[in-house]
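So the structure is just underneath, and the comments pick up after that.
The values are calculated or read from the model by the stated rules, or taken from the named source; none is laboratory data. Quick caveat: nothing in here was measured; it's all calculated off a predicted structure. Neighbour counts run over all protein chains shown; Cβ positions are idealised from the backbone, glycine included. The area values use the complete protein model at the heavy-atom level, side chains included, leaving out ligands, DNA and RNA. Shrake-Rupley method; radii C 1.70, N 1.55, O 1.52, S 1.80 Å.
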Amino acid sequence: MQALAARPRIGDMKHSTLYTVLAAAMAAALAVGCQESAPPGGEDDFKPKGLRILSLTPNVTEILFSLGLGNSIVGRSTHCDFPKEARTIPAVGDTLHLNLERIVSLEPTVAFIITKRADVVRTIEGLGIRTVALESDTMAELMETIDVIGRETGRTAPAKTLREDIQHELREVRRLVEGRPRPKVLFAFPMTVGSPNMMVAGRGTFVDELLNVAGGENAFPETADWPTITPQRAIQLAPEVVIINAVGKDAAPDRLKAISQAWLNWKSIPAVANSRVYILQDEFLTIPGPTVGLAAERLARIIHRGGPRGIRPLRERNRP
């Protein structure tokens with residue numbers, strides 16, 4: 001079970017035809033994307049007068065930086081840690097535990113938030129802050145979120161460029177895997193501690209769309225956000241490829257070993273029998289933001305036994 005025992009990363013995979021084609025295509029587009037996306041005068045010089053942004057969601061923070069608005073963010077959630085410059089911005093907690101006193105002290109003029117909790121939106125609005133509630137559960141909603149942020153911040157042109165770049169990247173990945181077999185892929189988070197159950201990506205989710213772009217078929221057949229399934233259900237689904245995204249505390253060596261061992265016990269699953277279970281540590285795979293093209297390309301290389309690390313779509317965004 002080499003795939004599990006060695007915790008294969010994309011960088012360790014064998015060079016393939018897909019890698020060669022992807023590398024050439026993405027490299028050719030790189031220069032164009034970089035040239036189009038740079039804000040006039042550079043991001044460091046761009047700061048709309050009077051605009052003070054509170055960003056309470058990681059993908060929104062990434063979008064803001066991509067639009068050249070990093071210098072206008074005065075507060076962020078504790079989970080907004082990319083790009084690295086975001087870590088220097090004052091943190092105000094998260095949507096479950098907000099430090100309202102600190103938020104008021106930062107004097108934001110607008111707050112961007114993605115949450116299912118209407119009470120959180122009302123709380124921020126109650127502080128006298130214009131609050132823009134966004135959605136990004138699907139690719140279409142992500143594109144709309146980029147447009148809304150662009151309109152709210154006076155960055156409509158860069159927002160249009162970013163949206164078009166992302167769409168181009170996704171089309172390119174889809175084109176490069178066209179005609180290849182579409183294996184059944186189960187995308188999961190690690191099982192919870194003390195339980196063999198795990199969350200998986202259901203149909204209709206942002207990750208489900210990424211799997212489709214990357215040339216795979218979601219092994220979970222039902223429309224659902226992130227349902228929890230048992231090992232028995234995983235066996236019934238019979239995925240040909242399993243991708244487990246272990247981040248945060250799940251990335252600790254002892255947890256990774258436990259996750260690997262658990263999957264080794266389910267040898268009747270085709271992905272296990274054929275050493276096609278991959279444990280990754282890439283947070284951006286589940287963040288619907290500017291790096292979705294990179295996420296689709298990363299998944300494509302796994303699903304289709306792609307080449308080593310180093311390929312970047314359209315624009316380099318400093319992801320590992």
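Given a 1.4 angstrom probe, I'd like the percentage of the accessible area of the range 151-266 that is carbon and sulfur, rounded to a whole number.
51
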Here the range 131-138 yields Karplus 3J(HN,Hα) values (6.51, -1.76, 1.60; θ = phi - 60°; whole Hz; Gly and Pro given as x) of 10, 10, 8, 10, 9, 8, 6, 10
The ³J(HN,Hα) series, computed from each phi in the range 141-150 with the Karplus coefficients 6.51, -1.76 and 1.60 at θ = phi - 60°, rounded to the nearest Hz and given as x for glycine or proline, is 5, 4, 4, 5, 4, 4, 5, 5, 4, x
Difference of contour (0.36 nm per residue) and Cα-Cα distance, Ala238 to Trp226 = 2.5 nm
Plugging the Cβ-Cβ distance of Arg151 and Glu178 into 1/(1 + (r/R0)^6) at R0 = 22 Å yields, to the nearest 0.05, a FRET efficiency of 0.05
Loop-located trypsin sites (Lys or Arg not before Pro) in the range 243-294, at most 12 other Cβ atoms within 10 Å (DSSP) | Lys267
Amide H contacts under 5 Å for Asn218, restricted to residues at least 5 apart in sequence or on another chain and with H modeled in the peptide plane, are Val185
Charges only on Cβ, +1 for Lys and Arg, -1 for Asp and Glu: so what's the dipole of the range 61-156 about the Cα centre, in debye to the nearest 20?
-> 220
Selection from Leu162, Ser66, Pro90, by position along the positive dipole direction of the range 53-169 (Cβ) | Pro90
Let me see the pair-distance distribution of the range 202-248: every alpha carbon pair, 5 Å bin width, integer percents in order.
-> 5, 19, 29, 31, 14, 3
Percent of all Cα-Cα pairs per 10 Å bin for the range 182-303, counting from 0 up to the last occupied bin, reads 14, 50, 34, 3
Built amide H within the under 5 Å cut-off of Arg203, gap 5+ | Glu222, Thr223, Ala224
What does the charge count near Leu54 come to, summing +1 for each Lys or Arg and -1 for each Asp or Glu among other residues with Cβ under 11 Å from its Cβ?
-> +3
Glu144 versus Asn274: modelled label distance in nm, points set 7 Å from Cα along the beta carbon direction = 3.8
The range 134-229: GluC sites (Glu not before Pro) falling in loop per DSSP and having at most 11 other Cβ within 10 Å = Glu178, Glu222
Nitroxide proxy distance, nm - points 7 Å out along Cα→Cβ at His168 and Leu127 = 3.8
For the range 105-110, just list the computed ³J(HN,Hα) in residue order, Karplus coefficients 6.51, -1.76 and 1.60, θ = phi - 60°, integers in Hz, with x standing in for Gly and Pro.
-> 5, 7, 6, x, 9, 8
For the range 83-160, run through the trypsin sites (Lys or Arg not before Pro) and keep only the ones in DSSP coil with at most 14 other Cβ atoms within 10 Å of their Cβ.
-> Lys116, Arg117
Heavy-atom SASA rank of Phe189, Phe284 (probe 1.4 Å, accessible area, largest first) = Phe189, Phe284
Tell me which residues come under 5 Å, amide H to amide H, from Ile73 once H is placed; ignore anything under 5 positions away on its chain.
-> Ile53
